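Asks: The structure under discussion is supplied below as structure tokens; questions concerning it will follow.
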Amino acid sequence: MISHIMPTYGRLPVTFERGEGAWLFDEDNNRYLDALSGIAVCSLGHAHPAVHKAICEQSKKLLHTSNLYQIPAQEQLADRLVKKSGMDNVFFCNSGAEANEAAIKLARKYGHQQGIEKPAIIVMEKSFHGRTLATLSATGNSKVQQGFAPLVEGFIRVPYNDIAAVELAIKQDINIVAILVEPIQGEGGINIPADDYLNKVRGLCDEHNLLMILDEIQTGVGRTGKFLAFQHNAILPDICTMAKALGNGVPIGACLARGTAANLLTAGAHGSTFGGNPLACSAALAVLTVMDEENLIEQAKLKGNFISTAFTARLQKNTHVVDIRHKGLMIGIELDKPCAELVKLALQQHLLINVTNETTIRLLPPLIIDSQQINLLIDILSTLIDEFTK
Ligand SMILES: *Cc1c(COP(=O)(O)O)cnc(C)c1O
């Protein structure tokens, strides 16, 4: 059959029909181990009963009203997110890119309030912030930008994990109002900065009155072993964006703000038809409840440490393995050569993985992955890596 879908994705030749926890089942009922979670989305695994129940019950009452009216589930979700993050308030939308759009708009508003007519935001090399025009302009990957010029202006790019470069950029441009950075770069290759990098960014933002914006779309909702990755650093950003795992597959994004940044927008200044609707908020509330009840954030930390240690031991003698790095269940195994092919080879072994930045195997397993599944993952993938690099 001819596909009538725009070919924006090179799709693998497999169709999943249902899932259960970390397993996915294809049309012939073959079982696959999901070590990617739909790119950090299904952290509670597939078909989680609590999410299922929340969606079913909400859909019997209401899917959508409008942000023109009061939405109790949205209020509750904002309240939970604020308490968990230490931020002050939330704008809800439907995706990561939209959450970053809100953050970028906040930064610009902040600049204009100070009489800066062309506010600029410092962004990083190898970053990823989304596919809308503003977010692809902020993204540090020319492939994402290719063919979409003119780009949105107002982004100054510096190398990631390089505080001196940030300092220099601030000195060279009086229009800078904010710094936008991922606590760990996901698409960029699981790049983990120095332990005190975010603290130093926070320090520079304080010193120069800049807004610190953290893109926690991939790192957030427990993935790294804290609810938000900045909590490893005991700091608070001014703005923080979330999406991916927040709805466990139901689309929802959130832009959290604090202090001055929380008071920049007034009625009519920004909006979203679907953002924070009853269905999405009910799903997200269920996700947060399960994470707490099953202590999944602590689990992410323990399981991530176990997996990383096990891979390090298993691959110790393989000289083609350049680096194994992780924080919680955000795991990268970097090889000394391009390895995109491994995704297909793993699929043949009924294992779902991903490769980013050409040479880094990316694992983002669901937080509910059990010890048998973890051992299977380590077994299959270590053997594959050894065969692939032989
Ligand atoms: C996935 C991702 C985005 C984009 O989210 P979408 O929901 O695809 O728009 C932005 N930033 C980071 C760090 C991401 O991982």
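Only the coordinates and a few stated rules stand behind these numbers; no lab work does. Note that the coordinates shown come from a computational prediction; the quantities given were computed from them, not determined experimentally. No Cβ is skipped: glycine too gets one built from the backbone with ideal geometry, and neighbour counts run over all protein chains shown.
Asks: Once you list every other residue whose beta carbon is under 15 Å from the beta carbon of ASN375, what net charge do they have if Lys and Arg are +1 and Asp and Glu are -1?
Replies: Once positives and negatives cancel, what remains is 0.
Asks: Working out 0.36 nm times the residue gap between ASP195 and ASP173, then minus their Cα-Cα distance, what length gain in nm do you get to one decimal?
Replies: That works out to 5.2 nm of additional length.
Asks: Please give me, ordered by residue number, the trypsin sites (Lys or Arg not before Pro) of region 258-367 that lie in loop per DSSP and have at most 16 other Cβ atoms within 10 Å.
Replies: LYS317
Asks: Using Cβ contacts closer than 10 Å as the measure, can you line up SER43, SER282, SER137 from fewest to most?
Replies: Neighbour counts put them in this order, fewest first: SER137, SER282, SER43.
Asks: Sticking with this one: For region 307-390, rounded, prolate or oblate, judged on the Cα gyration tensor with a ≥ b ≥ c (square roots of eigenvalues), a/c < 1.5 rounded, else prolate if a/b > b/c?
Replies: Taking the square roots of the gyration eigenvalues as a ≥ b ≥ c, region 307-390 is rounded.
Asks: Within 10 Å of each candidate Cβ there may be at most 15 other Cβ atoms; applying that plus a DSSP loop requirement, which trypsin sites (Lys or Arg not before Pro) in region 1-46 survive?
Replies: Filter output for region 1-46: ARG11.
Asks: Under unit Cβ charges (Lys, Arg +1; Asp, Glu -1), what dipole magnitude, rounded to 20 debye, does region 23-136 have relative to its Cα centre?
Replies: Dipole of region 23-136, to the nearest 20 debye: 380 debye.
Asks: Same structure, new question: If you rank ASP206, ASP215 by fewest surrounding Cβ atoms within 10 Å, what's the result?
Replies: Taking fewest neighbouring Cβ atoms as first place, the list is ASP206, ASP215.
Asks: Something else about it: Pull up the DSSP beta bridges for the chain and report the antiparallel fraction as a percent, rounded to 5.
Replies: Antiparallel bridges make up about 65 percent of those DSSP assigns within the chain.
Asks: For ILE331, enumerate residues with amide H under 5 Å from its amide H, sequence gap 5+ or separate chain, H modeled in the peptide plane.
Replies: Result for ILE331 returns LEU363.
Asks: What order, most packed first, do the peptides 179-192, 242-255, 108-121 have when packing is the mean number of other Cβ atoms within 10 Å of each residue?
Replies: Ranking the peptides 179-192, 242-255, 108-121 by packing returns 242-255, 179-192, 108-121.
Asks: Springs between alpha-carbon atoms under 10 Å, Gaussian network over the chain: tell me which of PHE16, PHE230, PHE155 tops the mean-square fluctuations.
Replies: Looking only at PHE16, PHE230, PHE155, the largest GNM fluctuation is found for PHE16.
Asks: Can I ask one more? What full-extension length gain, to one decimal in nm, is calculated for ARG11 and ASP292 as 0.36 nm per residue of separation minus the Cα-Cα distance?
Replies: That pair, ARG11 and ASP292, stretches by 97.7 nm at full extension.
Asks: Which pairs break 32 Å Cα to Cα here: LYS327/LYS390; LYS200/LYS390; LYS84/LYS143; LYS126/LYS226; LYS118/LYS301; LYS60/LYS327?
Replies: From the list (LYS327/LYS390; LYS200/LYS390; LYS84/LYS143; LYS126/LYS226; LYS118/LYS301; LYS60/LYS327), the Cα-Cα distance tops 32 Å for LYS200/LYS390; LYS84/LYS143; LYS118/LYS301; LYS60/LYS327.
Asks: Quick check: from the Cα gyration tensor, does region 31-98 come out rounded (a/c under 1.5), prolate or oblate?
Replies: Cα axes put region 31-98 in the oblate bin.
Asks: Follow-up question, since we're still on this one. For the pair VAL322/HIS350, report the inter-label distance in nm, with labels modelled 7 Å from Cα in the Cβ direction.
Replies: 3.4
Asks: For a test of the definition: using alpha carbon positions, the gyration tensor, and the 1.5 limit on a/c, classify the chain as rounded, prolate or oblate.
Replies: Cα axes put the chain in the oblate bin.
Asks: Quick one: dipole size for region 205-329, taken about the Cα centre, charges +1 on Lys/Arg Cβ and -1 on Asp/Glu Cβ, in debye to the nearest 20.
Replies: Using only the charged Cβ atoms, the result is roughly 540 debye.
Asks: How do VAL158, VAL123, VAL221 rank when sorted from fewest to most other Cβ atoms within 10 Å of their own Cβ?
Replies: VAL158, VAL123, VAL221
Asks: Can I ask one more? Over the chain, what is the mean sequence separation of C-alpha contacts under 8 Å (at least six apart), divided by residue count, expressed as relative contact order in percent?
Replies: The normalised contact order for the chain reaches 22 percent.
Asks: Same structure again: Give the residue from CYS339, VAL322, LEU363 lying farthest towards the positive end of the charge dipole for region 316-365; charges sit on Cβ (+1 for Lys and Arg, -1 for Asp and Glu) and the dipole is referred to the Cα centre.
Replies: It is LEU363, whose Cα lies furthest towards the positive end.
Asks: Charges on Cβ only, +1 for Lys and Arg, -1 for Asp and Glu, centred on the Cα centroid of region 1-145; of PRO119, GLN76, HIS129, which one is farthest towards the dipole's positive end?
Replies: Result: PRO119, furthest along the dipole toward the positive end.
Asks: Hey, how many Å between the Cα centroid of region 273-316 and the Cα centroid of region 349-374?
Replies: For region 273-316 versus region 349-374, the Cα centre distance is 14 Å.
Asks: Take each of the peptides 2-8, 62-68, average the number of other beta-carbon atoms within 10 Å over its residues, and list them starting from the highest.
Replies: 62-68, 2-8
Asks: May I ask you to compute the full-extension gain from SER142 to GLN113, defined as 0.36 nm times their residue separation minus their alpha-carbon distance, rounded to one decimal in nm?
Replies: Roughly 7.2 nm would be gained on extension.
Asks: Suppose each label sits 7 Å from its Cα in the direction of the beta carbon; what would the LEU302-ILE39 distance come out to in nanometres?
Replies: 3.1
Asks: Near the amide H of HIS46, under 5 Å away, which other amide H atoms are found, from residues 5 or more places off or on another chain, if H is placed in the peptide plane?
Replies: GLU20, GLY21, ALA22, TRP23
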